[in-house]
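Any read-out appearing in this document is the output of simple, stated calculations on the displayed coordinates, not a laboratory observation. Here the structure is a predicted model, which is why all the values come from computation and not from measurement. Cβ atoms come from the backbone with ideal geometry, glycine included; neighbour counts cover every protein chain shown.
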Number of protein chains: 2
Amino acid sequence: MTTTPPTERTRVRRLPNRASYDAATIHAILDEGLVCHLGFAHDGQAFVLPTTYARVEDALYVHGSAASRMFRGLRDGIPVCATVTLLDGLVLARSAFHHSMNYRSVVILGVAAEVTEPAERLRALEAIVEHVAPGRWAQVRPPNERELKATMVLRLPIAEASAKLRTGGPLDDAEDLGWPCWAGHVPLQLVALPPVADATQPAGAVAPNGRA
Amino acid sequence: MTTTPPTERTRVRRLPNRASYDAATIHAILDEGLVCHLGFAHDGQAFVLPTTYARVEDALYVHGSAASRMFRGLRDGIPVCATVTLLDGLVLARSAFHHSMNYRSVVILGVAAEVTEPAERLRALEAIVEHVAPGRWAQVRPPNERELKATMVLRLPIAEASAKLRTGGPLDDAEDLGWPCWAGHVPLQLVALPPVADATQPAGAVAPNGRA
């Protein structure tokens, strides 16, 4: 897959020059993000909940409690929207109107399917741990039968998806360029602070840096 | 308002010990966040889009193009869910199963109303700019009539809302405490990098730090 041609539902209408349907762009945003916001509707009311995820090829995997109402609903075919947003900066224009944010976001629409095949389930769980802390899956105690039974894994195809991006400084109107205030943008970055070790540690344990 | 008593729809069911319905907790999360994810349903399909916002007392204000389909739909009474998530850290447990994230999130359900009263509209737009860069509203060129006409401001009451929080290190099973890998958590923080000035600047302009 190199592009996800926009459908009537994913075509970006507001500021379409910021849109991308390129798979590499979409994948890069998904791979950099740590949290997706899952949206689903119940009786016309949308609910939006944050959760971790991982991308493997053309699929987004999420996992949760097998007892979760959300996961049961999604498994049963409720249409879902998964949105990942990376906040890259504050755009401070000369006019209030042109203030903005720099961001990269992806919206995926579709129907999720429960992953029941044991090898794919394990691969998905591995991907979710590795997405957050590369190399960690090989170090940790693997899931046991009880834990696997308590976990639902869902796969959402990245088939109907779009990205939207804004970069750079403010786009002020020409007549505002002389307005007497600072104008530009303030990049934002999610950074990892020093790891905080748990009270008990094996001898020689080395703290990871995490992914951020 | 000191609490937002949970309704059937906002009561946190998964890990209810992480829930809070305390207004001060909810407000602090909303005031720290920079982006909310707005969810709404159309023909049973949820859509989740990121946007800026500001809280003023017991209301969340969002703004967008008056021509936006989403904003027109919300103005016309489509139920909305506004979710704000602060990602505070990676929780690296000894077992794959107990890996988690530290976070603080707020979910608000309700129906938004268009703000048409000119003074409240201006206050909301001011709050949105000040939320991102305190002190900036007084410096920038205020909105003119054309810009105000092109902008829709919506108010969502923070009446049916809940917060969910996780802090601290991993909660491993007792039998895993001797597992030979590092365990702990990695705090994450959104930081502002040095401001990037636009090409034209007035003499003596001072770069702000932004809010992050």
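Report the label-to-label distance for B:A207 and B:E57 in nanometres (one decimal), using points 7 Å from each Cα along the Cα→Cβ vector.
Label at B:A207, label at B:E57, 3.9 nm between them.
Which is the longest part of chain A that has none of the GluC sites (Glu not before Pro) sitting in a DSSP loop with at most 15 other Cβ atoms within 10 Å?
On the way: sites that count: A:E8, A:E57.
For GluC sites (Glu not before Pro) (loop position, at most 15 other Cβ atoms within 10 Å), the longest site-free span of chain A is A:58-212.
In a Gaussian network model over chain B where Cα atoms closer than 10 Å are linked, find which of B:P79, B:P50, B:P143 has the largest mean-square fluctuation.
B:P143
On a 0 to 90 degree scale, rounded to 10, what angle separates helix A:118-132 from the longest Cα axis of chain A?
50 degrees
Rounded to the nearest 0.05, what FRET efficiency do B:V12 and A:R72 give with R0 = 22 Å and r taken as the Cβ-Cβ distance? Could you check? Provide the component values of the computation, followed by the final result.
Values: r = 16 Å, r/R0 = 0.74.
E between B:V12 and A:R72, to the nearest 0.05, is 0.85.
Between A:L193 and B:L193, take the C-beta separation as r, use R0 = 22 Å, and let me know the FRET efficiency to the nearest 0.05. Walk me through the numbers before you get to the answer.
Values: r = 16 Å, r/R0 = 0.71.
According to the calculation, E is roughly 0.90.
Relative to the longest principal axis of chain A, what angle (0 to 90°, nearest 10) does the C-alpha long axis of helix A:23-32 take?
For helix A:23-32, the angle is close to 70 degrees.
For an R0 of 25 angstrom, estimate the FRET efficiency from the Cβ-Cβ distance between B:E114 and B:A23 and round to the nearest 0.05. Walk me through the numbers before you get to the answer.
On the way: r = 25 Å, r/R0 = 0.98.
Efficiency, from the Cβ-Cβ distance: 0.50.
Given 10 Å bins starting at zero, what is the percent of C-alpha pairs of the protein assembly as shown in each, up to the one with the largest pair distance?
Values per bin, smallest distances first: 5, 21, 31, 26, 13, 4, 0.
Just going by the charge dipole of region A:16-187, with Lys and Arg at +1 and Asp and Glu at -1 on Cβ, which of A:S65, A:G168, A:L154 is farthest out on the positive end?
A:S65
When the Cα centres of region B:58-128 and region A:95-133 are compared, how far apart do they sit, in Å?
19 Å
Excluding residues on the same chain fewer than 8 positions from A:K149, give the lysines whose Cα lies under 26 Å from its Cα.
B:K164
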